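One structure is given below, encoded as structure tokens.
The values are calculated or read from the model by the stated rules, or taken from the named source; none is laboratory data. Fair warning: this is a prediction, and the values are worked out from it, not measured in the lab. Neighbour counts run over all protein chains shown; Cβ positions are idealised from the backbone, glycine included.
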Amino acid sequence: MQLNDLLNHTSEWLKGSGPNSDIVISSRIRLARNLDKLIFPHWADSVQSQAALDTIKECVLKVDSLKHATFFKLSELDSVDKQFLVERHLMSLDHAQKSGDKAVVVDNEEVISVMINEEDHIRMQVMQSGFNLFEAWDIIKKIDDDLARELNFAFLPDWGYLTACPTNAGTGMRGSVMLHLPALVMSRAIDRVLAAIAKLSFTTRGLYGEGTQAMGNFFQISNQISLGPSEDEIIESINGLIRQIIEQENQARQALLSKNRPLLEDRINRSLGILKSARIITSQETIELLSMVRLGSDLDMIKGVNRRAINELFIITQPAHLQKIENKKISAEERDLKRAELIRDKLK
């Protein structure tokens, strides 16, 4: 697989399918692992980093669960290519920005990706569309088992898997769910919900994970504790919280429909009208407007624009995707023009 092949493929997290996919965009399980008796990436010199990279690459590419994956060494990618992978949620912003002997392995369906020499030697992740944490866990557990037969992971009986950040020790698991919560935002109940989430030892991040702010009414919620409970217990705790948030978002949507339907219809149709007619539009404005159009589609207030098509617009209008489509680097002003043209064409 070539990097440009991904342009003609719908990312798993944007398919708009799976349980509760009107509110839950995607579910992700991530596992952090380090090689036994090797210096962790943040403290390793170039020789040690290259040794870890070579060892992991050899094993990753021969296990059955990753036989349809492609290896990308980050030093061989330019800044647009790396940002392109970040926009597709296949690697972290931190991994893209830091230099060194780093790589990412991506399977053809964009369900699985493995970052090598990020904060830990291995950060593997599996993403599923909709509310599907246990399905994601079943897939990643097989990958973890396959790699464990080839590699010796840093592990202590009392502490579990050892990680660069102590908060990831134990299971090394982070489960996260991407939610679209426009009604809670519009009804000004979101701050109360986020405060309750924080008290329950969960964390909330933006569209692109750690260090990013919420945009377009998208919130990524994940566990903070990975030491103590088992993997199944962690997933059950996340699932319980997400079910409550889904219920609150549904209640907020019904309240808007019953009490403020004309205002809601106006905002949704204005958003669609701007997207269909704008000649210049920024990335952030696009996300905000698409969020309202997605709500309108989910509430059956807009005809002829399905969830999957809206989801795809979220990603192909991002800066690196526009430059990959144009096959050249273009300025921010040129991207705003191209973005508007692309949206008008897709929404005809």
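Figures for the structure shown
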quantity	calculated
Identity of the residue in region 120-153, of a type in the set (Phe, Trp, Tyr) and not in a helix (DSSP H, G or I), that ends up nearest to ALA44 (Cα to Cα)	PHE153
Yes/no for LEU90 being on the phi < 0 side of the Ramachandran plot, crowded, with 20+ Cβ neighbours inside 10 Å, in a helix (DSSP H, G or I) and in contact with a strand residue (DSSP E or B) (Cβ under 8 Å, 6 or more places away or on another chain)	no
Filter result for the condition that a residue is more than 27 Å from PRO19 (Cα to Cα) and outside any loop (DSSP other than H, G, I, E, B), over VAL105, VAL114	VAL105
Region 63-81, subset part of a helix (DSSP H, G or I) and without any contact (Cβ under 8 Å) to a residue 24 or more places away in the chain, residue farthest from PHE314 (Cα to Cα)	GLU76
Qualifying residue in region 154-176 (condition: hydroxyl-bearing (Ser, Thr, Tyr), assigned by TED's automatic domain parsing to the domain that holds ARG123, farther than 24 Å from TRP13 by Cβ and part of a strand (DSSP E or B))	yes
Some residue of region 30-53 being among the hydroxyl-bearing types (Ser, Thr, Tyr) and more than 22 Å from SER222 (Cβ to Cβ)	yes
Conditions (1) among the polar types (S, T, N, Q); (2) closer than 29 Å to GLY160 by Cβ; (3) surrounded by fewer than 22 Cβ atoms within 10 Å (Cβ to Cβ); number of the one not met by SER27	(3)
Residue check for SER113: under 30 Å from ASP298 (Cα atoms) and hydroxyl-bearing (Ser, Thr, Tyr)	yes
Residue that is of a type in the set (Asp, Glu), modelled with pLDDT of 95 or more and farther than 30 Å from ASP191 by Cβ, where the choices are ASP336, ASP266	ASP336
Sole exception among (1) farther than 30 Å from ALA252 by Cα; (2) under 24 Å from the mean Cα position of the chain (by Cα); (3) assigned to a loop (DSSP other than H, G, I, E, B) for HIS42, by number	(3)
Considering residues of region 138-191 that are touching a Gly at 6+ places or on another chain (Cβ under 7 Å) and of a type in the set (S, T, N, Q) only, the residue surrounded by the fewest Cβ atoms within 10 Å (Cβ to Cβ)	THR171
Test: residue in region 32-43 that is in contact with a Ser or Thr (Cβ under 9 Å, 6 or more places away or on another chain) and aromatic (Phe, Trp, Tyr)	yes
Complete set of residues in region 107-135 that are over 14 Å from the mean Cα position of the chain (by Cα) and either charged (D, E, K, R) or surrounded by fewer than 24 Cβ atoms within 10 Å (Cβ to Cβ) (or both)	ASP107, ASN108, GLU109, GLU118, GLU119, ASP120, PHE134, GLU135
Within region 232-337, helices (runs of 4 or more DSSP H) holding 1 or more residues that are touching a strand residue (DSSP E or B) at 6+ places or on another chain (Cβ under 8 Å) and aliphatic (A, V, I, L, M)	283-298
Given (1) surrounded by fewer than 18 Cβ atoms within 10 Å (Cβ to Cβ); (2) at pLDDT 95 or above; (3) among the hydroxyl-bearing types (Ser, Thr, Tyr), number of the condition SER17 does not satisfy	(2)
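Quick grid of which residues meet (1) within 23 Å of ASP94 (Cα to Cα); (2) over 21 Å from the mean Cα position of the chain (by Cα):
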site	(1), (2)
GLY160	no, yes
LEU194	no, no
GLY206	yes, no
ILE225	yes, no
ILE235	no, no
GLY240	no, no
GLU247	no, yes
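Yes or no, residue by residue, for (1) surrounded by fewer than 18 Cβ atoms within 10 Å (Cβ to Cβ); (2) outside the structural domain of SER26 (by TED's automatic domain parsing); (3) within 25 Å of PHE219 (Cβ to Cβ); (4) in contact with a helix residue (DSSP H, G or I) (Cβ under 9 Å, 6 or more places away or on another chain):
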{"residue": "ILE280", "(1), (2), (3), (4)": "yes, yes, no, yes"}
{"residue": "ASP298", "(1), (2), (3), (4)": "no, yes, yes, yes"}
{"residue": "MET301", "(1), (2), (3), (4)": "yes, yes, yes, yes"}
{"residue": "ASN306", "(1), (2), (3), (4)": "yes, yes, yes, yes"}
{"residue": "ILE310", "(1), (2), (3), (4)": "no, yes, yes, yes"}
{"residue": "PHE314", "(1), (2), (3), (4)": "no, yes, yes, yes"}
{"residue": "ALA320", "(1), (2), (3), (4)": "no, yes, yes, yes"}
{"residue": "ASP336", "(1), (2), (3), (4)": "no, yes, no, yes"}
